[in-house]
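Below is one structure; the comments refer to it alone.
Just so it is clear, none of the values below were taken in a lab; they were calculated from the coordinates. Worth saying up front: this structure is predicted, and the values here are computed from it rather than measured. For neighbour counting, all protein chains shown are included, and Cβ atoms are generated from backbone atoms with ideal geometry for every residue, glycine included.
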Amino acid sequence: MPYQLACFTSRCVDLSKKAVTGEPAPTVRKGDGGYADWVIVAIHGLREYLDQPYRRLLDILQEVPRITAKLGLSVDELPDFTTVCTRKQDLEMRIWRVLLRSSASLHDFGKVQAIDATGFKRHDASRHYVLRVGYNFDDIKTTALVDCDSTAILDVHCSMKQPHDTQVGRQVLRRNFGQLETVTTDKSYDWDALRQELRDAGVRPVIKHREFYPPDMAHNARHDQDVYHRRSVIEAIFFALKHRFDETLRARTWFGQFRELVLKAAARNIEQAVSVSHP
């Protein structure tokens, strides 16, 4: 475990630097400069990996100078936990998305990808906040696009409401056309416009039709059943993600919860890559 922790930290630091625009800033600047963005991103990646509260994580880092050194810091230079929490909200969502894409690139993709949705629990918010943001769904609806061979999570989308799967699926798939070969999913994504858009992009859709009429059954009978049933991989990934990184989100705000979901997915991608290279 200590060796895997060191490998995870090294990978996380490298990807965090790539996620930040331009040349990586110095680790820490005295005065108004503060800690570099990549340092904050890497610390949050470690928090997810170790599944510890912020205070406890920084206590651990103080006792493990080898890991702290990989962040470019000495034990005396570690940030306060309040700084780590506050800076996470200040960082642009783009940085977290780039981190997720970079973590997925650690894996070799296969020929079949799958998309599906699940729900993540969240801590109870105040009634005032619920009314202000318009929550109407107890869980956060989370849609993920995964590679069925490597089990890497390619993209994540979350919503506080309940948009139709076809609309969210279209948005997620559009962002990733360049990485897709064959997409499989269940009948909730049954939409001819989505199938045609995938074909136009050179992607093979394996999406079951809802069976209202005999032609729908005929279309389903022509599907490659082995490819279609590979969508079960994403259900296994959802289970593993919730079991390993907890199914309850700690952030209170919706944008904080979105960042937390993306970070969980990125941490899992890095952990899987590390476990393969250093079993």
### Query
Shape call for region 107-262 from the C-alpha gyration tensor, a ≥ b ≥ c root eigenvalues: rounded (a/c under 1.5), prolate (a/b greater than b/c) or oblate?
prolate
### Task
Go through region 29-102 and name the GluC sites (Glu not before Pro) that are in a DSSP coil and have 16 or fewer other Cβ atoms within 10 Å of their Cβ.
92
### Query
Which order do peptides 196-202, 15-21 fall in by mean Cβ count within 10 Å, highest first?
15-21, 196-202
### Task
Identify, among 272, 21, 206, the residue whose Cα sits farthest towards the positive end of the charge dipole of the chain, taking +1 on the Cβ of Lys and Arg and -1 on the Cβ of Asp and Glu, with the dipole about the Cα centre.
21
### Task
Take every DSSP beta bridge with both residues inside the chain and express the antiparallel ones as a percent of the total, to the nearest 5.
65 percent
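What relative contact order, as a whole-number percentage, does region 2-91 give when Cα pairs under 8 Å and 6 or more residues apart are counted?
Working: 76 pairs, mean separation 25.4, N = 90.
In percent, rounded to a whole number, it is 28.
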### Query
Taking neighbour Cβ counts within 10 Å as the exposure measure, how do 160, 217 sort from fewest upward?
217, 160
### Query
So, with +1 on the Cβ of K and R and -1 on the Cβ of D and E, and no other charges, what is the size of the charge dipole of region 60-125 about its Cα centre, to the nearest 20 debye?
340 debye
### Task
In nm, give the distance between the simple-model label positions of residue 111 and residue 193, each being 7 Å from the Cα along the Cα-to-Cβ direction.
3.1 nm
### Task
Anything over 28 Å Cα to Cα? Flag those among 17/264; 17/121; 161/242, in the order listed.
17/121
#### Entry: Within region 133-279: Cβ-based charge dipole about Cα centre, in debye rounded to nearest 20 (Lys, Arg +1; Asp, Glu -1)
360 debye
### Burial ordering of 51, 139, fewest other beta-carbon atoms within 10 Å first
51, 139
### Query
Of 43, 91, 6, whose Cα points farthest to the positive end of the dipole of region 2-91 (charges on the beta-carbon: +1 Lys, Arg; -1 Asp, Glu; origin at the Cα centre)?
6
### Summary
So, relative contact order of the chain in percent, Cα under 8 Å, 6 or more apart, is 21 percent
### Query
Can you sort 213, 189 by how many other beta carbons sit within 10 Å, fewest first?
213, 189
### Query
With charges only on Cβ, +1 for K and R and -1 for D and E, what is the dipole size of the chain about its Cα centre, in debye, rounded to 20?
440 debye
